[in-house]
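Visitor: Attaching a single structure in structure tokens format; questions to follow.
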Amino acid sequence: MTLRVDVLSLFPDALRAYADTSVLGRARERGVWELFVHDFREAASGAHRSVDDTPYGGGAGMVLAPEPIARTIEETPGLARPVIALTPSGEPFTHATATRLARLEGFTLVCGRYEGFDQRVLEAVVDEEVSLGDFVLAGGELAALCVIEAVVRLVPGGLGNDESSVEESFGDGLLEYPHYTKPAVWRGREVPEVLRSGNHAAIERWRRTQALALTWRRRPDLIERRGGLNPLERRWLTELGLLESPDENG
Ligand code: ADE
């Protein structure tokens, strides 16, 4: 089954250029996903095909008018559902969102520009609103490409090799353990001994403790989300000197 992705954007060339590149381009050639880009300026009326207007209530910037976006969504045959708008006010996009989207037959992404969307088009034709993070982009195109790339690499065949997306950051709710390649010593820095030991159980344990320790230091919110630490994990963090004692709160 081919994942169908529709994107509404005022910059279709920018989207297509990246979608033709690297992992996304190869996955499209293999038929893992297909892309339909719709320039909603083509649905705008008037001599200038204007897609934005000044905000009611005043203030800086322009707001995307509802009709060109709604018409594009309603008049595109076979447009994929759900329809997802990219906006900094949306629900946070996470690995869980990507996993959910990767299981669908397709989805549509709507890229904003200017100050954002008219609220009524979000209510009338959009199913979900998604944000990439607590920052503001000039438009939704880069966010849409991030969503597409995060999803396509989880679709079977998306990476060309199904192994690669299994053991990685967020899959198990933790950040990923550190990686090393040759040389064994680089500018005086050594690859940890255990990784060269050939002891697979020890390597596995080292990787799990490193992933846990990194997450504990950098993203305690992720530890919280998976329900805190279990007794074994407390012991590991204590051994690494990151917890005073296994009974410590955290
Ligand atoms: N459009 C502008 N900023 C955005 C963000 N942070 N996430 C998703 N879409 C956006």
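Visitor: Quick check of the Kirkwood formula: for the chain, what is the inverse mean of 1/r over all pairs of different Cα atoms, in Å?
Guide: Result for the chain stands at 21.0 Å.
Visitor: Taking all protein chains in place and a 1.4 Å probe, what share, in percent, of the accessible surface of region 167-250 do carbon and sulfur account for?
Guide: The value for region 167-250 is 49 percent carbon and sulfur by accessible area.
Visitor: Using only the alpha carbons of region 167-250, what is the convex hull's orientation-averaged projected area in square nanometres?
Guide: Its Cα hull, projected and averaged over all orientations, spans 6.3 nm².
Visitor: Which one, 158, 90, 58, has the greatest fluctuation when you compute a Gaussian network model over the chain with C-alpha springs under 10 angstrom?
Guide: Looking only at 158, 90, 58, the largest GNM fluctuation is found for 58.
Visitor: Here is a further query. Give me a comma-separated list of calculated 3J(HN,Hα) values for region 184-200, in order, Karplus coefficients 6.51, -1.76, 1.60 applied at θ = phi - 60°, integers in Hz, x for any Gly or Pro.
Guide: 5, 10, 10, 6, x, 9, 9, 5, x, 3, 4, 5, 9, 7, x, 8, 5
Visitor: Something else about it: Sorted by average packing, counted as other Cβ atoms within 10 angstrom per residue and highest first, what order do 78-85, 60-67 take?
Guide: Going from most to least packed, we get 78-85, 60-67.
The values are calculated or read from the model by the stated rules, or taken from the named source; none is laboratory data. In this text, all values refer to a predicted model and were calculated from it rather than measured experimentally. Don't worry about glycine lacking a Cβ; one is built from the backbone with ideal geometry, like all the others, and counts go over all protein chains shown. Areas reflect the complete protein model, heavy atoms only, side chains present, ligands, DNA and RNA absent. Shrake-Rupley method; radii C 1.70, N 1.55, O 1.52, S 1.80 Å.
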